[in-house]
1. Between the stretch 108-138 and the stretch 7-36, what's the alpha-carbon centroid distance in Å?
2. For Thr34 and Ala128, what is the calculated FRET efficiency with R₀ set at 25 Å and r taken between the beta-carbons, to the nearest 0.05?
3. Pick out, in residue order, every one of the trypsin sites (Lys or Arg not before Pro) in the stretch 94-153 that is DSSP loop and has at most 14 other C-beta atoms within 10 Å; say none if there are none.
4. Tell me, what is the Rg over Rh of the chain, with Rh the Kirkwood radius over Cα pairs?
5. Relative to the present Cα-Cα distance, how much length would full extension add between Lys106 and Met20 at 0.36 nm per residue of separation?
6. Say the dipole of the chain comes from +1 at the beta carbon of Lys and Arg and -1 at that of Asp and Glu; which of Asn90, Ala5, Ser54 then lies farthest toward its positive end?
7. Which distance in nm do the two modelled labels at Arg152 and Arg58 give, with both placed 7 Å along the Cα-to-Cβ direction?
Amino acid sequence: MSFNATDGTHGARQPGGRFMRWVNRWMTGRIRRTGKMPFLGFDALVLTTIGRKSGLERVTPVGWFPGKDGSWLIVASAAGAAKNPDWYHNLAAHPDRVQIELAGRKVAVTAEQLNGAEREEAWRAIAAASAQFAQYQEKTDRQLPIIRLTPRG
């Protein structure tokens, strides 16, 4: 498993601050109940990672797309920001200590970054399914990482 995405040199402003923390908490509650991302209309999950520096659990709402064999695909878009989101770095540090929640169900997963032809095939499907994610890619010069989450035994 290789997490090798580098930051870009330009992109949109990365969401953050007190308001964004409140929105994330609100969205996390909605996703846990419904499995949908409010207002955006796509499927979402609650991603629980272990902080690479702090070692503490971190919870983040993210959109997901169906992968092969029942896996979930998530995109480290950060809304098209130049830098990868913190949760991407947490996954890279602890890819085998990840959990997701979907509509009241918790699943232990392993995270793996897609590369090469496998990433390109997944990106085409994601961009076709969500114009919003295609727009995020247009905002930045970094290649948005796609992560496959596979249930752990």
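1. 19 Å
2. 0.55
3. Arg152
4. The Rg/Rh ratio comes out at 0.92.
5. Contour length minus Cα-Cα distance gives 28.6 nm.
6. Ser54
7. Spacing of the two 7 Å Cα→Cβ label points: 1.8 nm.
Read-outs: derived from the displayed coordinates by stated rules, not from any lab. None of these values were measured; they are calculated from a predicted model. FYI the Cβ positions are ideal-geometry reconstructions off the backbone, even for glycines, and counts take in every protein chain you see.
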